[in-house]
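The values are calculated or read from the model by the stated rules, or taken from the named source; none is laboratory data. Predicted, not measured: the structure shown is a model, and the values here were computed from it. No Cβ is skipped: glycine too gets one built from the backbone with ideal geometry, and neighbour counts run over all protein chains shown.
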């Protein structure tokens, strides 16, 4: 005869074990493995593999936007600008600087003749996947493919503008006199009406002094991880162009920094990477 107490204990043990097993395995089943994504020119990023089809779709969409501008006969540029909160920057301000810089470049060249792809535009946002947000590696995997173009020669672009201190200074109206004071006053005024800025300060991600010092002393691509990768992308593109009979030295991709063309010696030098790195063995 079966012992009812023993049977109940066994059932309880099985239920507890099954619950523990499901709790342990469920997160593993829903967590995508990291994957190394490499571009035509050998720029590699460790991305969440769930984002791969989303990135593919975004690349196709952005190439379509670029093609429409090229079909309209416009010179197409790419704006490299820091967007993250790294080092005291603030995303909402950086996004506004990006838009103002785009407008200023197009006005300088002529809006009928030039169009600048601004990474801060809404069309460039990578949608969330399973409640996860894309990070720097996912965005750079996307932008690398867009910049390199289908053949890896940057054939969809006519120039790249790397944002510098003057681009940020123009947005804030800096004059070279009491600039840090002006930036501190800007922060104070913005803080009154910007809930995102208030939240960043409350969470300890941003301070008045950090904001003031970043935009007065550091704001440029020099302090951006993604921009470091973008510089290396441009350098690789031009290395390939110089060796390609269809391009050659005379048809390298022009690169600007802070509104001026960089010298050939600068343009040919790679720099330290940002997000570019293969996944580490597990």
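What single numbered condition from (1) free of Cβ contacts under 8 Å to residues at least 40 places away in the same chain; (2) over 20 Å from residue 222 (Cα atoms); (3) not in a loop (DSSP other than H, G, I, E, B) fails to hold for residue 102?
(2)
If you check residue 154 against the conditions, is it touching a helix residue (DSSP H, G or I) at 6+ places or on another chain (Cβ under 6 Å) and within 24 Å of residue 263 (Cα to Cα)?
yes
What is the number of the single condition among (1) assigned to a helix (DSSP H, G or I); (2) out of contact with any helix residue (DSSP H, G or I) (no Cβ under 6 Å at 6 or more places or on another chain); (3) surrounded by 16 or more Cβ atoms within 10 Å (Cβ to Cβ) that residue 256 does not meet?
(1)
Give the residues of segment 225-245 that are assigned to a loop (DSSP other than H, G, I, E, B) and either without any contact (Cβ under 8 Å) to a residue 60 or more places away in the chain or in contact with a helix residue (DSSP H, G or I) (Cβ under 7 Å, 6 or more places away or on another chain) (or both), sorted by residue number.
245
Yes/no matrix, rows are residues, columns are (1) modelled with pLDDT of 95 or more; (2) assigned to a helix (DSSP H, G or I); (3) loosely packed, with under 13 Cβ neighbours inside 10 Å; (4) assigned by TED's automatic domain parsing to the domain that holds residue 100:
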| site | (1), (2), (3), (4) |
| --- | --- |
| 169 | yes, yes, no, yes |
| 177 | yes, no, yes, yes |
| 181 | yes, yes, yes, yes |
| 190 | yes, yes, no, yes |
| 198 | yes, yes, no, yes |
| 213 | yes, yes, no, yes |
